[in-house]
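Worksheet for the structure shown next.
The values are calculated or read from the model by the stated rules, or taken from the named source; none is laboratory data. All values derive from a computational prediction rather than experimental measurement. Ideal geometry is used to build each Cβ from the backbone, glycine not excepted, and the neighbour counts take in all protein chains shown.
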Amino acid sequence: PPRGQVLLEATAASKHFGGLKAVNEVTLDVRAGEVHALIGPNGAGKSTFFNMVSGVIDLTSGGVRVMGQDMKNRPSRHFAALGLGRTFQHVRLMAHRSVLDNVALGAHRRGQRGWIAAMLRLDRAEEATLLAHARRQLERCQLEGHAAEAAGSLALGQQRVIEIARALAGQPALLLLDEPAAGLRHLEKLALAQLLSQLRAEGLGILVVEHDMEFVMNLADRVTVMEFGTVIARGTPAQVQADPRVLEAYLGV
Ligand code: ADP
Ligand code: MG
């Protein structure tokens with residue numbers, strides 16, 4: 001998609017768990033060629049919002065569009081088929097399988113079948129194509145040197161990049177990352193920020209949930225701040241950082 005095109009659009013999207021308004025009328029969009037950061041304290045509703053806009057959970061009310069298509073309450077594989085790739089807050093890798101295998105499994109996201117069925121039905125030529133494609137994603141993420149190692153044996157920072165490589169294997173236009181920098185060392189964070197900048201330059205739209213203020217502020221084009229399920233501020237990193245409500249709610253000053 002051309003730079004600036006709206007890839008993801010949530011309109012007054014809400015999710016209630018019983019009496020709890022975990023996400024309350026959140027409106028935001030993500031465009032091709034930008035990093036949009038979603039920040040806020042623990043429990044603000046960020047992960048719930050991610051699950052709503054990737055088809056993992058249904059909306060209580062409001063709307064979600066991907067590539068201009070109405071996706072409300074459609075299953076996650078339909079989101080994936082339109083070009084949405086995502087990672088989860090907690091690393092979800094098959095620790096004993098190779099880095100390459102983990103990434104190869106991400107390439108099945110466009111298919112209608114589950115990946116197990118797909119793997120079982122692959123002939124040798126298809127398998128070779130798939131692995132070559134996975135290897136290209138590892139190169140894109142500078143992980144090719146670790147292709148044969150067990151995913152679980154790598155450092156946390158590398159495991160998070162494997163998850164991104166796996167999402168990239170589905171050739172997404174839109175990438176949703178839930179706290180990719182959590183638990184990373186300083187140098188790992190710099191490498192991650194570098195990778196995300198590179199993907200943005202390639203034209204991907206990226207929505208990143210992050211707790212790490214410094215990481216977000218050096219990377220994001222736009223920032224949306226949530227607290228108690230609602231949006232309390234939005235703007236450029238500089239605007240959001242200067243907003244008294246954000247300082248109070250998020251930084252506790
Ligand atoms: P964040 O990712 O910003 O830390 P979450 O989206 O995980 O916040 O959670 C937002 C709120 O919704 C929290 O109060 C959490 O306890 C609640 N919550 C999340 N998922 C569920 C669920 N499946 N059932 C009930 N409450 C939930
Ligand atoms: Mg969360």
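Within segment 11-51, work out how many residues are more than 23 Å from Asp212 (Cβ to Cβ) and within 14 Å of ligand 1 (Cβ to nearest atom).
Qualifying residue count for the region: 10.
In segment 185-241, which residues are more than 16 Å from ligand 2 (Cβ to nearest atom), of a type in the set (Gly, Ala, Ser) and not in a strand (DSSP E or B)?
Listed by number, the residues that qualify are Ala191, Ala193, Ser197, Ala201, Gly203, Ala220, Ala238.
Just need a number here: residues in segment 148-194 that are more than 19 Å from Gly33 (Cβ to Cβ) and among the β-branched types (Val, Ile, Thr).
2
I'd like the full set of residues that are crowded, with 16+ Cβ neighbours inside 10 Å, part of a loop (DSSP other than H, G, I, E, B) and within 16 Å of ligand 2 (Cβ to nearest atom), limited to segment 49-88.
Of everything in segment 49-88, those that are crowded, with 16+ Cβ neighbours inside 10 Å, part of a loop (DSSP other than H, G, I, E, B) and within 16 Å of ligand 2 (Cβ to nearest atom) turn out to be Val53, Ser54, Ile57, Thr87, Phe88.
Conditions (1) modelled with pLDDT of 95 or more; (2) surrounded by fewer than 23 Cβ atoms within 10 Å (Cβ to Cβ); (3) within 21 Å of Gln5 (Cα to Cα), marked per residue:
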position: Leu131; (1), (2), (3): no, yes, no
position: Gly145; (1), (2), (3): yes, yes, no
position: Gly152; (1), (2), (3): yes, yes, no
position: Ala182; (1), (2), (3): no, yes, no
position: Arg185; (1), (2), (3): no, yes, no
position: Leu195; (1), (2), (3): yes, yes, no
position: Gln198; (1), (2), (3): yes, yes, yes
position: Glu202; (1), (2), (3): yes, yes, yes
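Go through Leu120, Leu138 for me and flag whichever is modelled with pLDDT under 90 and not assigned by TED's automatic domain parsing to the domain that holds Val30.
Leu120
Being more than 16 Å from ligand 1 (Cβ to nearest atom) and in contact with a His (Cβ under 7 Å, 6 or more places away or on another chain) is the filter here; which residues of segment 164-183 pass it?
Ala169 - this is the single residue of segment 164-183 that is more than 16 Å from ligand 1 (Cβ to nearest atom) and in contact with a His (Cβ under 7 Å, 6 or more places away or on another chain).
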